[in-house]
């Protein structure tokens, strides 16, 4: 476990064995580091401290063993994503998860069942099957056909860990299952970038949900896996039946004012709404293609009437569970203020000021 963490931290830092050897204090040879990574030997305590400082990671990250492996990792990434970017994202996930699992152990919280059980499938063979999978998950989670106020809260309430962090620029998000030590059940995790707007954040979350439900797509679907995940996300956020009630079964066109209204209902971008109207059959494919060649062309980069961070959907679309668990443990004297500040990644003085204000 230590060797794998050390190698991941080194890749995250973009260092070769020789580079790390030169930066660590006390000095340690590249050959020794290679043996650490292969599990052939362990460093002394002083060397361990030196390696953690050189790599800018905590000793807890290098030595913790709750997270054994990230499996089924799916990234939303751009074409120029590097191995270093991937390692940075994976290391960040592991670091945050170790904290998450530690606070849950302190509070002795009950393990939740697999949130996607009975809905997962190895593959889908049509767009109709994708739509059905979105509806199956809505039914399992008892959502009906109504819009979802907070995808983040929905996931957290169903046992999925949601982590919002500053990811490498070329990543929008990722999803994976976490293999744990001592035979404990796997945990589902979704991590998203904190640099995206609300519309995109909600869509990214729904897209990552799709990856946990659908394994692959067959050639008969007529689209690649990422477009199929987009299709699922649209169906999950804006169910066809509800959308037809709002807009009608068939339309010649939909004007911008209506699209902004639909954005406010479903929390989706204007571009995603156009595509969803096409997928449901409300708008003809040629009309949507014309829109993206003309008036909707700038929407890929500039969202019309964006949802503000603290208004509407923006007020609710943020992970809150981990923070609330830390404050709960602190209030019950199960952890110290110092440990709580470490969990929350805030200065101790800031935490103590908050505690004084809460008395």
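The values are calculated or read from the model by the stated rules, or taken from the named source; none is laboratory data. Just so you know, these numbers come straight off a predicted model, no measurement behind them. Cβ placement follows ideal geometry from the backbone for every residue including glycine, while neighbour counts extend to all protein chains displayed.
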Which condition number in (1) closer than 24 Å to residue 326 by Cα; (2) touching a helix residue (DSSP H, G or I) at 6+ places or on another chain (Cβ under 6 Å); (3) surrounded by 16 or more Cβ atoms within 10 Å (Cβ to Cβ) is the one that residue 59 fails?
-> (3)
Just one of 221, 280 is modelled with pLDDT under 95 and within 24 Å of residue 137 (Cα to Cα); which is it?
-> 221
Any residue in segment 37-44 that is surrounded by fewer than 17 Cβ atoms within 10 Å (Cβ to Cβ), over 31 Å from the mean Cα position of the chain (by Cα), under 24 Å from residue 179 (Cβ atoms) and in contact (Cβ under 8 Å) with a residue 40 or more places away in the chain?
-> yes
All-but-one check, residue 216 against (1) surrounded by fewer than 19 Cβ atoms within 10 Å (Cβ to Cβ); (2) closer than 22 Å to residue 92 by Cβ; (3) touching a helix residue (DSSP H, G or I) at 6+ places or on another chain (Cβ under 7 Å), failing number (2)
Inspect all residues belonging to segment 119-142 and state whether any of them is touching a residue at least 60 places away in the same chain (Cβ under 8 Å), within 22 Å of residue 200 (Cα to Cα), surrounded by 19 or more Cβ atoms within 10 Å (Cβ to Cβ) and in contact with a strand residue (DSSP E or B) (Cβ under 7 Å, 6 or more places away or on another chain).
-> yes
Test residue 134 against the criterion of being out of contact with any helix residue (DSSP H, G or I) (no Cβ under 7 Å at 6 or more places or on another chain), at pLDDT 95 or above and either closer than 24 Å to residue 191 by Cβ or not in a helix (DSSP H, G or I) (or both), and give yes or no.
-> no
Filter segment 1-28 down to residues that are out of contact with any helix residue (DSSP H, G or I) (no Cβ under 6 Å at 6 or more places or on another chain) and assigned to a loop (DSSP other than H, G, I, E, B) and give me whichever is surrounded by the most Cβ atoms within 10 Å (Cβ to Cβ).
-> 15
Residues being outside any helix (DSSP H, G or I), under 25 Å from the mean Cα position of the chain (by Cα) and surrounded by 15 or more Cβ atoms within 10 Å (Cβ to Cβ) - total across segment 274-303 | 1
Exception for residue 146 within (1) exposed (fewer than 14 other Cβ atoms within 10 Å of the Cβ); (2) farther than 16 Å from residue 267 by Cβ falls at (2)
